[in-house]
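S.K.: Below is one structure. I have some questions about it.
The values are calculated or read from the model by the stated rules, or taken from the named source; none is laboratory data. Quick caveat, the model's predicted, so the values are computed rather than measured. Cβ sites come from the backbone with ideal geometry, for glycine too, and all protein chains shown count toward neighbours.
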Amino acid sequence: MQTKPHILVAEDERNQAEILKYNLEEAGFSVTLAYNGGQARDMIEEKAPDLLVLDWMMPEMSGIKIMRWLRANKATKTLPVIMLTARGEEDDKLHSFEVGVDDYVVKPYLPSELIARIHAVLRRTRPELEGEMLTYENIILDLERKKVTRGGAPVKLGPTEFRLLRVFLSRPGKVYSRDELLNLAWGQDVYVEDRTVDVAIRRLRTALNAGNKPDLFRTVRSEGYALEGPQSK
C-alpha cells in the first residue's frame, strides 16, 4: 500500500490551518500543522515532510527566513515548498522564487486550487509519491488499478465514465465543450452524437453523487461542463 504523502502546513491563523488540514486529508494526504515559524523549523529538523505549505507572515520566524534556512541546509535544500501569502504584488512573487519556493499561492484561495498546485509540485519534484493518482476535492482516481473513490467510498464507473472523469480531473475548473469531451474520452476517429456526452455525464454524476453527496459538476449553457468544488459555484 502506497504511503500517503506527508504535508506540513505552517500557518499561524489556526482556523485557516484546520480547514486546510481537513481538505488535504480528504484529498489523501497526511497532514501536520505548525502555528509559528519556530515550531515549523523544529518539526522539519525532527522529520522533514514531503512538502511544506508555508505562510509568509508568521510569528518567531517568517516564511522568507525559513526558506533561507531550508535552502542553506543540505538535508532540506530540495524540500518542495508552496508559499501562501496575502501579498500578491509581482515583486513579492519574484522575491519568493528568488529564495527558492516551488510555487506561490495568493490568499484568499480555494483549497481545491492549492491541492492541485500540491499535486503539480509533487509530480515535478517527488514523482514517486504521486504514482498514478488524480485527485480533486475528495475524489481519488487510481489509474493503475482503475478504481475510483469519493470520501473513501468506492465509486463504480463504466469505461466511458472513467475516461470522462480522468479528463475532468486533469484540469479541474476548465469548461470542456462537448466536442472536446468527445475527442478526449471517445477519440477523434469515433463517431458519437453530442447527446451521448450528456447521457454519459448524467451517469457519471449519478455515480459520484450517490448518498446525496454534493454535485461537483457545473453545466455551462451552450458551452459544456466543468468539474468544480461547491464553494466555487
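S.K.: Under 6 Å between Cβ atoms, at least 6 apart or on separate chains: pull out the pairs that start in the stretch 57-82 with a residue that is closer than 26 Å to ALA116 by Cα and assigned by TED's automatic domain parsing to the domain that holds TYR35 and end on any residue that is among the aromatic types (Phe, Trp, Tyr) and part of a loop (DSSP other than H, G, I, E, B).
M.R.: Every condition considered, the pairs that remain are GLY63/TRP56.
S.K.: For residues that are over 20 Å from the mean Cα position of the chain (by Cα) and touching a residue at least 24 places away in the same chain (Cβ under 8 Å), scanning just the stretch 156-171, find the one that is nearest to ALA210 (Cα to Cα).
M.R.: As a first pass, look at the stretch 156-171 and keep what is over 20 Å from the mean Cα position of the chain (by Cα): 156-161.
Now narrow it down to the ones that are touching a residue at least 24 places away in the same chain (Cβ under 8 Å): 156-158, 160-161.
Working: LYS156: 10, LEU157: 12, GLY158: 15, THR160: 18, GLU161: 15 Å.
Residue satisfying both the conditions and the ranking: LYS156.
S.K.: Exactly one of (1) over 20 Å from the mean Cα position of the chain (by Cα); (2) outside any loop (DSSP other than H, G, I, E, B) is unmet by MET57. Its number?
M.R.: Single failed check for MET57: (2).
S.K.: Shifting gears a bit: I'd like the full set of residues that are under 21 Å from ALA153 (Cα atoms) and buried (at least 19 other Cβ atoms within 10 Å of the Cβ), limited to the stretch 24-60.
M.R.: Of the stretch 24-60, the ones under 21 Å from ALA153 (Cα atoms) are 24-31.
Hits for the stretch 24-60 are LEU24, ALA27, PHE29, VAL31.
S.K.: With respect to ILE82, is the statement that it is at pLDDT 90 or above, of a type in the set (Val, Ile, Thr), part of a helix (DSSP H, G or I) and surrounded by 14 or more Cβ atoms within 10 Å (Cβ to Cβ) true? Don't jump to the end; show me each part of the working.
M.R.: Details: at pLDDT 90 or above: yes; of a type in the set (Val, Ile, Thr): yes; part of a helix (DSSP H, G or I): no; surrounded by 14 or more Cβ atoms within 10 Å (Cβ to Cβ): yes.
So ILE82 does not fit the description; no.
S.K.: Another question, if that's okay. For the stretch 90-113, name all the residues that are in a helix (DSSP H, G or I) and at pLDDT 85 or above. Outline the logic, then answer.
M.R.: Step one: filter the stretch 90-113 for residues in a helix (DSSP H, G or I), giving 90-98, 111-113.
Selection gives GLU98 alone.
S.K.: From ARG87, ARG68, which residue is at pLDDT 90 or above and basic (Lys, Arg)? Please lay out each step first, then the result.
M.R.: Working: ARG87 fails: at pLDDT 90 or above.
Answer to the check: ARG68.
S.K.: Determine, yes or no, whether ALA34 is over 30 Å from MET133 (Cα atoms), of a type in the set (Gly, Ala, Ser) and either in the same structural domain as ILE140 (by TED's automatic domain parsing) or more than 15 Å from the chain's Cα centre (by Cα) (or both).
M.R.: no
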